[in-house]
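A.B. asks: Starting off with a structure, shown below.
The values are calculated or read from the model by the stated rules, or taken from the named source; none is laboratory data. For clarity, every value in this text was computed on a predicted model and none was experimentally measured. Cβ sites come from the backbone with ideal geometry, for glycine too, and all protein chains shown count toward neighbours.
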Amino acid sequence: MRFLFVSAPLPGHLDWGGFLATAVALQQRGHEVIWASGEAVAAQVQREGVRFAPLAETGWRWPPPPLSRPAQMSDAAWRRLRRLRALDQWLEPVRVAAGMAALEAVATEVQPDALISEMFIVASGLVAERIRRPLVVAGWPAVEISTGAEEDVMAEARARLERLLRVSGCEGVNFTRQGPPALRSSQLHITFWSERWYAGLALAPQTRHAGGLPLDALPADATLPSPDDAPWVVITLGTSFNRDPAFFLAAARAAMNLGCQPILLLGRSVDPAGDDRWLERLPAEAVVRAFADFRALLPYTAAAIHHGGAGTTHALVRAAVPQLVVPHAGDQLHQARGVVRTGVGLHLPPGEASVERLTAALAALLPDLSPYRARAAALREEFARLGGPPAAAEMVERLLA
């Protein structure tokens, strides 16, 4: 069989806990796999041995436009402006229509048996309907509808989708029918988490959970101070919304307050002469890296303070590391809630992430016999029993059998 995977051109959008790994697993099982996205992620996909099809446009806007709050703007108006900007990122009709045209050209050429897409590529749902192929949504459950969003913003989102349906000649079979518009497969949503991760949420029956396999440990990074001398605390905001010096400074000081080794992963190149002059204010003991191999880091990490990106959160679960999540944007609040629901860590809003609050939260996570550490180990085993990306590949195969 032939599968066309689709993602936004950001490294984190290739992950979701096992998205790209599922493509690799399908290829290892003898199927043909093509990954369509922007050129920015071509090298990352190709390093995994997966064929890459470049898209001039995916429909996902990156980076988001600058946004500042006008003087005298009310809190309600500011919230609405931020929601509209978030909507523009994934559901701007002209951009999505261009993404649909680019993706349909690839799909017409490769003739896939199914499209497998992340949640935020609207073009995937339209193209799958136009070429009459099944759509699989990876990394996100099918959640039963609740309104949630402000009514005027939801109405704007629904109007944008209706405009795209008219332009494309689609009925919208791959989208929610009511409430906030969202990509919705009627056949299969695969998450790389577990049922308990979503406890309390009403999930539609097409949702299946693949969990994840334990992180393969490499020897501890020898370029770092030994974790035997001071417990490692990993501090990161991932690769997208990672410019918050106040967060990094407060988290590093919290780790130092408890005798730990702060390891900051900036998720980007360091510019100490420009915007990164704040690095001079870090404790002298802090280690700063752009990136790190999680396999040589997380198995030896005592705790993590991070943003709640899906890939980072998932890797920490697979390494059984207690977590303190300070979500900054996008879907990160969903991961923070999963961490709290399963009891493997704590959540602080960014506005409450003072040195004092971070120190207190970190102190609860660190002890070897803390309940958070025990629950983290149990959740890692729970994920492993579900089978990870190989199990996700089998789910896709069964759909088309």
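A.B. asks: I'd like the residue in the stretch 255-265 that is in contact with a helix residue (DSSP H, G or I) (Cβ under 8 Å, 6 or more places away or on another chain) and either part of a loop (DSSP other than H, G, I, E, B) or at positive phi (or both) and, out of all such residues, is surrounded by the fewest Cβ atoms within 10 Å (Cβ to Cβ). Steps first, answer last, please.
C.D. replies: If we filter the stretch 255-265 for residues that are in contact with a helix residue (DSSP H, G or I) (Cβ under 8 Å, 6 or more places away or on another chain), which is where we start, we get 255, 257-258, 260-262, 264.
The next check asks that each one be either part of a loop (DSSP other than H, G, I, E, B) or at positive phi (or both); those that pass are 258, 260.
Numbers: L258: 18, C260: 20.
If we take residues in the stretch 255-265 being in contact with a helix residue (DSSP H, G or I) (Cβ under 8 Å, 6 or more places away or on another chain) and either part of a loop (DSSP other than H, G, I, E, B) or at positive phi (or both), then L258 is surrounded by the fewest Cβ atoms within 10 Å (Cβ to Cβ).
A.B. asks: When the stretch 54-69 is examined, which residues are found to be of a type outside the set (S, T, N, Q), in a loop (DSSP other than H, G, I, E, B) and surrounded by 10 or more Cβ atoms within 10 Å (Cβ to Cβ)?
C.D. replies: Here is the first cut: in the stretch 54-69, the residues of a type outside the set (S, T, N, Q) are 54-57, 59-67, 69.
Restricting the remaining residues to those that are in a loop (DSSP other than H, G, I, E, B) gives 55-57, 59-67, 69.
Correct list: L55, A56, E57, G59, W60, R61, W62, P64, L67, R69.
A.B. asks: Let me ask something additional. Any chance you could count how many residues in the stretch 347-356 are farther than 14 Å from H307 by Cβ and either touching a helix residue (DSSP H, G or I) at 6+ places or on another chain (Cβ under 7 Å) or crowded, with 21+ Cβ neighbours inside 10 Å (or both)?
C.D. replies: Taking the stretch 347-356 and keeping what is farther than 14 Å from H307 by Cβ, we get 351-352, 354-356.
With the extra rule that they be either touching a helix residue (DSSP H, G or I) at 6+ places or on another chain (Cβ under 7 Å) or crowded, with 21+ Cβ neighbours inside 10 Å (or both), the set shrinks to 354-355.
Looking only at that region, the number is 2.
A.B. asks: Can you name every residue in the stretch 36-53 that is under 22 Å from G125 (Cα atoms) and exposed (fewer than 14 other Cβ atoms within 10 Å of the Cβ)?
C.D. replies: Hit for the stretch 36-53 is E39, nothing else.
A.B. asks: On to the next question. Suppose we filter the stretch 346-401 for residues that are in contact (Cβ under 8 Å) with a residue 60 or more places away in the chain, acidic (D, E) and not in a helix (DSSP H, G or I); how many remain?
C.D. replies: Counting residues in the stretch 346-401 that are in contact (Cβ under 8 Å) with a residue 60 or more places away in the chain, acidic (D, E) and not in a helix (DSSP H, G or I) gives 0.
A.B. asks: Being under 19 Å from E356 (Cα atoms), assigned by TED's automatic domain parsing to the domain that holds A336 and among the small types (G, A, S) narrows it down to one residue among A303, A292; which is it?
C.D. replies: On the way: A292 fails: under 19 Å from E356 (Cα atoms).
Step by step, each of A303, A292 is checked, and only A303 is under 19 Å from E356 (Cα atoms), assigned by TED's automatic domain parsing to the domain that holds A336 and among the small types (G, A, S).
A.B. asks: Please count how many residues of the stretch 320-333 are more than 24 Å from W278 (Cα to Cα), among the aliphatic types (A, V, I, L, M) and touching a strand residue (DSSP E or B) at 6+ places or on another chain (Cβ under 7 Å). Step through it out loud before you land on a result.
C.D. replies: Step one: of the stretch 320-333, the residues more than 24 Å from W278 (Cα to Cα) are 320-323, 330-333.
Still in the running and among the aliphatic types (A, V, I, L, M): 320-321, 333.
Imposing the further condition that a residue be touching a strand residue (DSSP E or B) at 6+ places or on another chain (Cβ under 7 Å) reduces the set to 321.
Adding up the residues that qualify gives 1.
A.B. asks: Something else about it: Which count do you get for residues in the stretch 353-367 that are under 19 Å from T342 (Cβ atoms) and of a type in the set (A, V, I, L, M)? Step through it out loud before you land on a result.
C.D. replies: Filtering the stretch 353-367 down to residues under 19 Å from T342 (Cβ atoms) leaves 361-362, 364-367.
Next cut, of a type in the set (A, V, I, L, M) only: 361-362, 364-366.
Summing the residues that are under 19 Å from T342 (Cβ atoms) and of a type in the set (A, V, I, L, M) in the stretch 353-367 gives 5.
A.B. asks: Condition first: in the same structural domain as L369 (by TED's automatic domain parsing), in contact with a Leu (Cβ under 7 Å, 6 or more places away or on another chain), over 24 Å from H13 (Cα atoms) and not β-branched (V, I, T). Can you find one or more residues in the stretch 266-275 that meet it?
C.D. replies: yes
Yes or no, residue by residue, for (1) surrounded by 15 or more Cβ atoms within 10 Å (Cβ to Cβ); (2) in a loop (DSSP other than H, G, I, E, B):
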site	(1), (2)
I190	yes, no
A230	yes, yes
V233	yes, no
G238	yes, yes
F248	yes, no
R253	yes, no
G274	no, yes
P283	no, yes
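A.B. asks: While we're looking at this one, here's another question. Given the residues A392, A303, A336, which is the only one that is over 26 Å from I190 (Cβ atoms), buried (at least 23 other Cβ atoms within 10 Å of the Cβ) and touching a strand residue (DSSP E or B) at 6+ places or on another chain (Cβ under 8 Å)? Spell out how you get there, then give the answer.
C.D. replies: Values: A392 fails: over 26 Å from I190 (Cβ atoms); A336 fails: over 26 Å from I190 (Cβ atoms).
From the options A392, A303, A336, the qualifying one is A303.
A.B. asks: Given the condition in contact (Cβ under 8 Å) with a residue 24 or more places away in the chain, surrounded by 20 or more Cβ atoms within 10 Å (Cβ to Cβ) and within 30 Å of D113 (Cα to Cα), answer yes or no: does some residue in the stretch 214-222 qualify?
C.D. replies: Of the stretch 214-222, the ones in contact (Cβ under 8 Å) with a residue 24 or more places away in the chain are 214-221.
From what is left, the residues that are surrounded by 20 or more Cβ atoms within 10 Å (Cβ to Cβ) are 215.
Cutting the leftovers down to within 30 Å of D113 (Cα to Cα) gives us none.
Checked the stretch 214-222: no residue is in contact (Cβ under 8 Å) with a residue 24 or more places away in the chain, surrounded by 20 or more Cβ atoms within 10 Å (Cβ to Cβ) and within 30 Å of D113 (Cα to Cα).
A.B. asks: Check the stretch 107-123 and report whether any residue there is more than 29 Å from A36 (Cβ to Cβ) and either hydrophobic (A, V, I, L, M, F, W, C) or in contact with a Phe, Trp or Tyr (Cβ under 9 Å, 6 or more places away or on another chain) (or both). Full working, then the answer.
C.D. replies: If we filter the stretch 107-123 for residues that are more than 29 Å from A36 (Cβ to Cβ), which is where we start, we get none.
No, the stretch 107-123 contains no residue that is more than 29 Å from A36 (Cβ to Cβ) and either hydrophobic (A, V, I, L, M, F, W, C) or in contact with a Phe, Trp or Tyr (Cβ under 9 Å, 6 or more places away or on another chain) (or both).
A.B. asks: Given (1) assigned to a strand (DSSP E or B); (2) over 22 Å from G17 (Cα atoms); (3) of a type in the set (A, V, I, L, M, F, W, C), where does A304 come up short, assuming only one miss?
C.D. replies: (2)
A.B. asks: Does A361 meet the test of being within 19 Å of E195 (Cβ to Cβ), over 21 Å from the mean Cα position of the chain (by Cα) and not hydroxyl-bearing (S, T, Y)? Let's see the steps before the verdict.
C.D. replies: Values: within 19 Å of E195 (Cβ to Cβ): no; over 21 Å from the mean Cα position of the chain (by Cα): yes; not hydroxyl-bearing (S, T, Y): yes.
When the stated conditions are applied, A361 does not pass them.
A.B. asks: Go through the stretch 70-91 residue by residue and tally those that are part of a loop (DSSP other than H, G, I, E, B), over 21 Å from the mean Cα position of the chain (by Cα) and surrounded by 12 or more Cβ atoms within 10 Å (Cβ to Cβ).
C.D. replies: Initially, the stretch 70-91 is screened for residues part of a loop (DSSP other than H, G, I, E, B), giving 70-74, 91.
If we keep only those that are over 21 Å from the mean Cα position of the chain (by Cα) too, we end up with 70-74.
Among the residues that remain, those that are also surrounded by 12 or more Cβ atoms within 10 Å (Cβ to Cβ) are: 73.
Matching residues across the stretch 70-91 total 1.
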